[in-house]
Amino acid sequence: KQNHVPLNITSKVPTKNTLAQWEKHKLPCLQEAYELIAKHIIVTFLEDDEIVKQNITVESKDGYQFDASGQKALKQGWRTLLDKEIKDSTFDTANFKKGDIISIDRVEVKNSKTKVPALHTEKTIVDTLMNVTRVVDNMIQDASDPILKDKYKRIKKLLNKVEGIGTTRTRQGIINDLFNVEALKLTPKKHILLTERGWEFFSVYPDSLKSIIFTASWEKAFEKIRQGKLDYKEFIQNVDNQIMDEMVPNIINRVGVEVIPLIRMNIRLEDVFCPLCNKAIIETDYSYKCEDNHYTNNIQSGCTFSIMKNAEKTLGRQLNDENDIKKILKSTKKSPLKENLHAIYYAPNNKYFLDVIWDEEITKATLKETNKTYSKNGLFLYKNYREKKFTKAQANKLLSLETITITRVSKAGKKYKLNCKLNEKNGEVIAEFV
């Protein structure tokens, strides 16, 4: 299901000299790669495996079902070339028949933690669109009703013939369109999230349109058209009726309904725990905080631990991931975290849980520059002001507490002048029209 140039069989075999030449060009593991590709082409000409599978289902008095399965190879075929022979995992069922009552020798309870499913990236979304049966696999696994499980299996069989949702040319375009209309947004770690507008779109569309079953029903219709059992005009008419009679009224009825966005911004960090109560730390839009730190109607309750992501004024950048939090929680005044600007360290008695050690070199009269700020003499200045950046010469004067005159252009295209001076407290500019 991957898009690539077809691999063609050739009589040309690389020699040791050829491989040595490739190695000179710093192309690693080429011999292993060649052998891997060659083997996977050869297996297409080898015999199939012959496998027997077993499955047994045990139901308790309370109605809970437990499944056990096994398999063994009657004949090892193509897998032998790849060293992937099927191991015998079958069990003795000679003394079992359907409806037997059995006794359990022992019960073992395993304590484990579930892991939050990983957020999508652009790459994983495209991969999912190309391999839609993986979605159905999850549905089959989660279904407890045998009838529903069989239904999903039939859907998977239909979708096995599909090369994915969309095409190579359209998939990325669809994702880009969703970004352009601000239905999707990226986190600092390049994960994709629905925006509030995205949740509005999602809530308005009818469930039938969002289901993988919808795709499967179309594939079933396409197969009937190929077999001559369904006229394509009849299919198009059915689609039109479904859109006008079911989908459009549903969308119209939902427009204007208040949507509560379920934006999944609270991401639990792994192996990082709150220094105050030892509970998990979660990542939100703007901070890293204890999972027991709650705000309801602007009233805080529970644990108070929270560190803001924005560290531009102190560290010179945003806090990006759990590694930053780990470093901060290990830092002390004697061993602080230091990067582009000043040093910071974990301070449990500070309401922001961070304290700053101002860098003497930065506090000297040398102008320092970051992506967003200029700094000098222990003061800082935001670069951007009214859709334009200050020059270094202008920044030097402002940070020396001088007043400067600048020219800007309004949205109507008219020029105007401003007298500007620095607000020492927050790095912003106090301006007056000339």
Original post:
How do T121, T403 line up, fewest other C-beta atoms within 10 Å first?
Top reply: T403, T121
Subject >> 14 Å beta-carbon shell around V181, net charge (K/R +1, D/E -1) >> reply: -2
**OP:** Sum up the charges of everything whose Cβ sits under 12 Å from the Cβ of V239, counting Lys and Arg as +1 and Asp and Glu as -1, but leave V239 out.
**Re:** -3
Subject >> Dipole-positive endmost among A431, F96, S335 within the chain (Cβ charges, Cα centre) >> reply: A431
Subject >> the chain - mean residue ellipticity at 222 nm from DSSP helices (-39,500 (n - 2.57) per run, n ≥ 4, rounded to 500) >> reply: -8500 deg cm²/dmol
**OP:** Give me S112, S89 ranked fewest to most by other Cβ atoms within 10 Å of their Cβ, as a rough exposure proxy.
**Re:** S112, S89
Original post:
Which of the lysines could be linked to K39 by a straight reach, that is with a Cα gap under 22 Å, when you skip same-chain ones fewer than 8 residues away?
Top reply: K1, K12, K16, K75, K84, K87
**OP:** Answer with a single label: of (1) 23.5, 74; (2) 31.4, 98; (3) 24.2, 80, which was calculated as Rg and Dmax of the Cα atoms in Å from the structure in view?
**Re:** (2)
**OP:** Order by neighbour count: L19, L398, fewest other Cβ atoms within 10 Å first, most last.
**Re:** L19, L398
Subject >> For the chain: relative contact order, % (alpha-carbon pairs under 8 angstrom, 6 or more apart) >> reply: 6 percent
Original post:
Around Q71, which amide H atoms from residues at least 5 apart in sequence, or from another chain, sit under 5 Å from its own amide H, with H modelled in the peptide plane?
Top reply: Q54, S89, T90
Original post:
For K289, which aspartates and glutamates qualify as cross-link partners when the Cα separation must be under 18 Å and same-chain residues fewer than eight apart are set aside?
Top reply: E270, D271, D321, E322, D324, D355
**OP:** Would you mind pulling out the separation of the Cα centroids of the stretch 370-402 and the stretch 283-357, in Å?
**Re:** 26 Å
**OP:** May I ask for the angle, rounded to the nearest 10°, between helix 171-180 and the longest principal axis of the chain, with both axes built from Cα atoms and the value confined to 0 to 90°?
**Re:** 30 degrees
Subject >> Amide H contacts of S331 (H built 1.01 Å from N, under 5 Å, at least 5 apart or other chain) >> reply: Y346
Original post:
Highest GNM mean-square fluctuation, the chain, Cα pairs closer than 10 Å: which of Y288, Y64, Y345?
Top reply: Y64
Original post:
Can you flag which of K313/K392; K113/K327; K368/K388; K61/K151; K330/K372 are past 22 Å Cα-Cα?
Top reply: K113/K327; K61/K151; K330/K372
Original post:
Can you give the net charge of the other residues whose Cβ lies under 9 Å from the Cβ of G70, counting K and R as +1 and D and E as -1?
Top reply: +1
Subject >> Reachable aspartates and glutamates from K383, criterion Cα separation under 12 angstrom, eight or more residues apart if same chain >> reply: E369, E428
**OP:** Enumerate the calculated ³J(HN,Hα) couplings along the stretch 379-396 in order (Karplus 6.51 cos²θ - 1.76 cosθ + 1.60, θ = phi - 60°), each rounded to whole Hz, writing x wherever the residue is Gly or Pro.
**Re:** 10, 9, 9, 5, 5, 7, 8, 6, 6, 8, 8, 6, 6, 5, 5, 5, 5, 4
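The numbers here are math on the coordinates, done by the rules we state, and not lab data. What you are looking at is a predicted structure, and each value in this text was computed from that prediction instead of being measured. Neighbour counts are summed over all protein chains in view; Cβ atoms, including those assigned to glycine, are modelled from backbone coordinates with ideal geometry.
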